[in-house]
Amino acid sequence: MPKSDTQTANTGPLAKSDERKANRSLVTAFVLAGGRSSRMGADKALLDFGDMSLLQCALQTAAAVTENVYIVGARERYASFGEVIEDIYPGCGPLSGIHAALTATCTDLNLILSVDMPVMTAEFLSWLVQQADQTKELIVVPNAAGGLQPLCATYRRSVAELAAQALLEGDYKIGHLFSRASTHVIAENEIVAAGFSPEIFQNINTPEEYARCRR
């Protein structure tokens with residue numbers, strides 16, 4: 001299971017470097033690899049993107065933000081890529097993946113990243129985590145590229161209980177979770193002002209989107 005590191009104070013010449021390393025252990029990242037990929041007709045996580053699969057690409061991006069990176073999906077399918085957390089409520093969509101991640105984590109702050117955002121950058125994810133660390137809201141979600149981005153967002157560990165309640169009620173829409181938990185929405189103009197393009201949220205759901213993204 002994910003583990004968190006104990007932080008220690010440092011006042012020597014390497015203090016800033018040590019602080020950066022310490023901050024990397026304050027958040028756990030989970031790449032959601034599961035899903036039917038019905039519109040794609042193939043497992044999106046295993047599609048090629050450059051010299052890597054989409055799953056490897058997402059794991060590499062997340063690993064630049066934190067040393068605690070896990071895959072949420074089927075262990076038999078993805079175990080060769082890293083440590084896997086499986087859904088507790090399988091077949092209930094991405095919300096069940098978020099619930100599984102937050103149930104497994106040992107850190108309060110958690111980054112959720114969908115496997116099908118291949119142009120997402122580590123710089124943005126680091127910035128997102130910084131914004132989340134500065135607020136008390138349980139969820140921090142970007143609103144960009146035409147809508148909320150709940151699969152590129154941060155969730156506090158206590159959201160697991162709210163997600164479980166929603167799943168047991170048969171309410172699988174992630175957007176409904178925002179009315180159950182205190183949520184901070186980062187507007188697109190804030191994201192652009194920070195130097196990031198909304199295009200980083202481009203995701204892949206169909207063969208046409210896959211071909212366009214590869215180009």
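The values are calculated or read from the model by the stated rules, or taken from the named source; none is laboratory data. This one's a predicted model, so the numbers in the text were calculated from it and none came from an experiment. Don't worry about glycine lacking a Cβ; one is built from the backbone with ideal geometry, like all the others, and counts go over all protein chains shown.
Here are the numbers:
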read-out: Single residue of region 21-48 satisfying the filter (at pLDDT below 85 and under 19 Å from the mean Cα position of the chain (by Cα)) that is farthest from F81 (Cα to Cα); value: N23
read-out: Top-ranked residue of region 115-134 - restricted to ones that are in a loop (DSSP other than H, G, I, E, B) and within 17 Å of L59 (Cβ to Cβ), ranked as nearest to the chain's Cα centre (by Cα); value: V115
read-out: Long-range neighbours under 6 Å by Cβ, at least six apart or interchain, first residue over 26 Å from L162 (Cβ atoms) within region 113-140, second modelled with pLDDT of 95 or more and hydroxyl-bearing (S, T, Y); value: A122/T61
read-out: Which numbered condition E161 misses (of (1) outside any loop (DSSP other than H, G, I, E, B); (2) touching a residue at least 24 places away in the same chain (Cβ under 8 Å); (3) not small (G, A, S)); value: (2)
read-out: Of residues in region 93-114 being part of a loop (DSSP other than H, G, I, E, B) and either modelled with pLDDT of 95 or more or of a type in the set (D, E) (or both), the one surrounded by the most Cβ atoms within 10 Å (Cβ to Cβ); value: T105
read-out: Residue within region 140-150 that is under 23 Å from A63 (Cα atoms), touching a His at 6+ places or on another chain (Cβ under 8 Å) and surrounded by 15 or more Cβ atoms within 10 Å (Cβ to Cβ) present; value: yes
read-out: Condition met for A104 (under 23 Å from N205 (Cα atoms) and either more than 12 Å from the chain's Cα centre (by Cα) or among the acidic types (D, E) (or both)); value: no
read-out: Hits in region 39-69 - residues which are among the hydroxyl-bearing types (S, T, Y) and not in a helix (DSSP H, G or I); value: S53, T66
read-out: Conditions (1) more than 24 Å from D87 (Cβ to Cβ); (2) modelled with pLDDT under 95; number of the one not met by A122; value: (2)
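Residue-wise test of (1) more than 30 Å from D43 (Cβ to Cβ); (2) touching a residue at least 60 places away in the same chain (Cβ under 8 Å).
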{"position": "L177", "(1), (2)": "no, yes"}
{"position": "E190", "(1), (2)": "yes, no"}
{"position": "A194", "(1), (2)": "yes, yes"}
{"position": "T206", "(1), (2)": "no, yes"}
